[in-house]
Ligand SMILES: Cc1cc2nc3c(=O)[nH]c(=O)nc-3n(C[C@H](O)[C@H](O)[C@H](O)COP(=O)(O)OP(=O)(O)OC[C@H]3O[C@@H](n4cnc5c(N)ncnc54)[C@H](O)[C@@H]3O)c2cc1C
């Protein structure tokens, strides 16, 4: 990014330690880049660090993002970084934030390949990482005809012969969701389904076949799923597969910093204003806090965090 200039508000800061930045943003996906844009427009001095592993890196296109439907994911990020160059107070660094220490609204970040830096606020926009089933043939098809988000990809395979992969309540939820796009659904649980009798009856009532046998492999051609092959040798034709397995914080920084979580996956920002966490001065936005994991919502949460951060900095400066 362009040469960094001290923001108006930092010059007026009453902070004796004079931190290097108003805000450090960890993560340069839709959430982090959106926050950087709003903060740049607030003349805030921002360092955004990104290790370059966005959650949707396996996807061929980003779908359902207003005015960017079917844009390649890397293209959205490249354009956003390009447009940030207009804002001299925003600096982009391609590298991993390894550790952060916080004390009374002040942060010190250790970044790989960069000297340690300090800031008045810190935003975690670090995203999630998905657990991917270890099934032969899965990797070659992932992102082309094997998907995890029906809202992102089911429109493209609507009405087709769809497979669902998962267990228990998560698999039921995926099956329920997919009935909006296809009536031709088969659930593969690859071992014990962990479903209640009531769930099994619900599948039956809705003509959703259940296979609890172990899976041998997925067979496809040029990225398109053709069949699910079971260990007992049975081959069941399918045209696309949706899986629902757990996802986790991509970064351990939220845990290290002592953030409250609202469930196993998401940092709790619900109790506080504008994406703030329970740690003073620390904000979190995007998939690492979310329940609806769309990119457009991550971007909106980043903008919301930026609003909250700028507001709190202004309040601090006027104290
Ligand atoms: C296969 C797939 C397809 C998808 N398709 C769609 C779709 O079509 N439409 C849609 O709306 N959503 C889609 N999604 C969801 C979409 O990927 C997310 O909503 C979006 O990426 C969330 O943005 P984010 O900024 O929260 O996180 P991310 O985009 O994951 O960005 C987080 C960034 O932070 C970086 N980071 C993490 N820790 C550190 C650290 N310590 N230091 C520096 N950098 C760090 C990561 O490397 C990453 O670059 C898809 C997801 C998957 C898995």
Full extension between residue 173 and residue 71 adds, at 0.36 nm per residue less the Cα distance, a length in nm of 33.9 nm
Among 236, 215, which comes first, then next, by fewest other beta-carbon atoms within 10 Å? 236, 215
Only Cα pairs under 8 Å and at least 6 apart count here; give the relative contact order of the chain as a rounded whole percent. 21
Label-point gap, in nm, between residue 314 and residue 231 - each point 7 angstrom along Cα→Cβ: 6.2
Multiplying the sequence separation of residue 53 and residue 132 by 0.36 nm and subtracting their Cα-Cα distance, what value in nm do you get? 26.9 nm
Segment 217-319: Kirkwood hydrodynamic radius (Cα pairs, Å) comes out at 16.7
Antiparallel DSSP bridges in the chain: what percent, to the nearest 5? 45
Give me the Debye-computed log₁₀ of I(q)/I(0) at q = 0.10, 0.11, 0.16 Å⁻¹ for the chain, equal point scatterers on Cα only, no solvent, two decimals. -0.63, -0.73, -1.19
If R0 is 22 Å, what FRET efficiency do you get for residue 263 and residue 204 from their C-beta distance, rounded to 0.05? 0.15
Springs between alpha-carbon pairs under 10 angstrom, Gaussian network model over the chain: which of 21, 70, 283 fluctuates most? 70
Nearest-0.05 FRET efficiency for residue 271 and residue 112, computed from C-beta distance (R0 30 Å): 0.40
Please state the shape class of segment 179-227: rounded when a/c is under 1.5, otherwise prolate if a/b exceeds b/c and oblate if not, all from the C-alpha gyration tensor. oblate
DSSP beta bridges in segment 138-243, what fraction antiparallel, as a percent rounded to 5? 40
Round to the nearest 10 and give me the degree value, 0 to 90, for the angle of helix 30-41's Cα axis relative to the longest principal axis of the chain. 20
Cα shape, segment 212-254, gyration tensor, a/c 1.5 rule: prolate
Most mobile listed residue (244, 22, 192) in the chain, GNM with C-alpha springs under 10 Å: 192
Can you tell me the relative contact order of segment 138-243? Whole percent, Cα pairs under 8 Å, sequence separation 6 or more. 34
Quick check: the angle from helix 168-178's long axis to the longest principal axis of the chain, C-alpha only, nearest 10 degrees? 90
Using every alpha carbon pair in segment 138-243, what percent of pairs falls into each 5 Å bin from 0 up to the bin containing the largest distance? 3, 14, 26, 26, 21, 9, 2, 0
Hey, in the GNM for the chain with a 10 angstrom Cα cutoff, which one of 213, 237, 198 fluctuates hardest? 198
Part-to-part distance (alpha-carbon centres) for segment 251-319 and segment 200-246, which is given in Å: 38
Could you give the nm distance between label points at residue 156 and residue 197, where each point is 7 Å from its Cα heading toward the beta carbon? 4.2
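We did not get these values from a lab; they are worked out from the coordinates using the rules stated. Only a predicted model underlies this, so the values are computations on that prediction, with no experimental measurement involved. Positions of Cβ are generated from backbone atoms using ideal geometry, with glycine treated the same way; all protein chains shown enter the neighbour counts.
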